[in-house]
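Participant: I have a structure here, written as structure tokens, and I will follow up with some questions on it.
The values are calculated or read from the model by the stated rules, or taken from the named source; none is laboratory data. Everything numeric in this text was worked out from a predicted model, so none of it was measured. Positions of Cβ are generated from backbone atoms using ideal geometry, with glycine treated the same way; all protein chains shown enter the neighbour counts. Calculation scope for accessible area: heavy atoms of the full protein, side chains included, ligands and nucleic acids excluded. Shrake-Rupley method; radii C 1.70, N 1.55, O 1.52, S 1.80 Å.
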Amino acid sequence: GENVEQHPSTLSVQEGDSAVIKCTYSDSASNYFPWYKQELGKRPQLIIDIRSNVGEKKDQRIAVTLNKTAKHFSLHITETQPEDSAVYFCAAAPLYNFNKFYFGSGTKLNVKP
Amino acid sequence: DTGVSQNPRHKITKRGQNVTFRCDPISEHNRLYWYRQTLGQGPEFLTYFQNEAQLEKSRLLSDRFSAERPKGSFSTLEIQRTEQGDSAMYLCASSLGTTGDSPLHFGNGTRLTVT
């Protein structure tokens, strides 16, 4: 099955700086890659997703890039704010089994004011 | 609130007891999932329903675990003879669509503590 690895496990940045979280996946059949944000005690919430026919997608301060050849995708947050502090999870879903999402182990982002 | 609803939010039980959790998905969503999340880890897939049919179960789901989705609406997850290793957050999610790349919408989870 799919194996998703996520780095770093913790990330601390100064408010206004950029943050980058990276994920690699093992199954070349994966072609849907969502990112979730989970605040303490709350549900994971989808913040952005990308499909394999696209190399990059942006939504305001958030962007995701995908390199299918290297099997890695990254989340970029620009102009970070204290409210961006949370745990971020990447996930991959294989083409043959979209119903099973494989999640990374998470990155705890701390934005210092 | 039209999001995914889970009850209870917290459950403390003694080892060996049975517990049951409930999930109410977003009403128009035909797919329902159960995931388990332990501290410092991402959610792990447990099982999946398309309407009322349970189509896939993870190897993580031992025979002590059973899930149902009668009438394709709410779902229940039962754990029999709980063990301390069952302590985790149990997340329910739902999605809509006939294609595979529909995002999951998660509930707030049920945190199970087995003493």
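Participant: Among A:K22/A:K58; A:K37/B:K14; A:K22/B:K57; A:K100/B:K11; A:K58/B:K57; A:K42/B:K11, which pairs are too far apart, with a Cα-Cα distance over 23 Å?
Facilitator: Checking Cα-Cα distances, A:K37/B:K14; A:K22/B:K57; A:K100/B:K11; A:K58/B:K57 exceed 23 Å.
Participant: Under 11 Å from the Cβ of A:G1, count the other residues' Cβ atoms, weight Lys and Arg +1, Asp and Glu -1, and hand me the total. Write down the numbers at each step before the final one.
Facilitator: Details: positive: A:K100, B:R59; negative: A:E2, A:D27.
Summing Lys/Arg as +1 and Asp/Glu as -1 gives 0.
Participant: Could you order peptides B:78-87, B:56-65 by the average number of other Cβ atoms within 10 Å of their residues, highest first?
Facilitator: B:78-87, B:56-65
Participant: I need the fraction of alpha carbon pairs in the protein assembly as shown separated by more than 33 Å, rounded to a whole percent.
Facilitator: Percentage above 33 Å: 17.
Participant: Give the distance, in whole Å, between the Cα centre of segment B:1-48 and the Cα centre of segment A:21-71.
Facilitator: Computed from Cα coordinates, the inter-centre distance equals 23 Å.
Participant: Pull out the extension gain between A:D17 and A:E39, defined as 0.36 nm times the separation in residues minus the alpha carbon to alpha carbon distance; nm, one decimal.
Facilitator: Result for the pair: 5.9 nm of gain on full extension.
Participant: Using a 1.4 angstrom probe on the protein heavy atoms only, line up A:L40, A:L11 by accessible area, largest first. Show your work: numbers first, answer last.
Facilitator: Numbers: A:L40 175, A:L11 40 Å².
Listed by decreasing accessible area, they come as A:L40, A:L11.
Participant: Treating only the Cβ atoms of Lys and Arg (+1) and Asp and Glu (-1) as charged, compute the dipole magnitude of chain A about its Cα centre; round to the nearest 20 debye.
Facilitator: 220 debye
Participant: Less than 14 Å apart at the alpha-carbon level, and either on another chain or at least 8 residues along: which aspartates and glutamates does that give for B:K71?
Facilitator: Qualifying aspartates and glutamates at Cα under 14 Å: B:D24, B:E28, B:E52.
Participant: In terms of solvent-accessible area of protein heavy atoms at a 1.4 angstrom probe, what is the ranking of B:F49, A:F103, B:F74, highest value first?
Facilitator: Values: B:F49 5, A:F103 25, B:F74 60 Å².
Descending order: B:F74, A:F103, B:F49.
Participant: Further, regarding this structure: Per 5 Å bin, what is the whole-percent P(r) computed from every C-alpha pair distance within chain B?
Facilitator: Bins of 5 Å from zero give 2, 13, 24, 26, 19, 10, 4, 1, 0 percent of pairs.
Participant: If you don't mind, there's one more thing I want to ask. Quick one: net charge around B:F45, please, counting Lys, Arg +1 and Asp, Glu -1 for every other residue with C-beta under 13 Å from its C-beta.
Facilitator: +2
Participant: Looking at chain A from every direction and averaging, what is the projected area of its Cα convex hull in nm²?
Facilitator: In nm², the orientation-averaged hull projection of chain A is 6.6.
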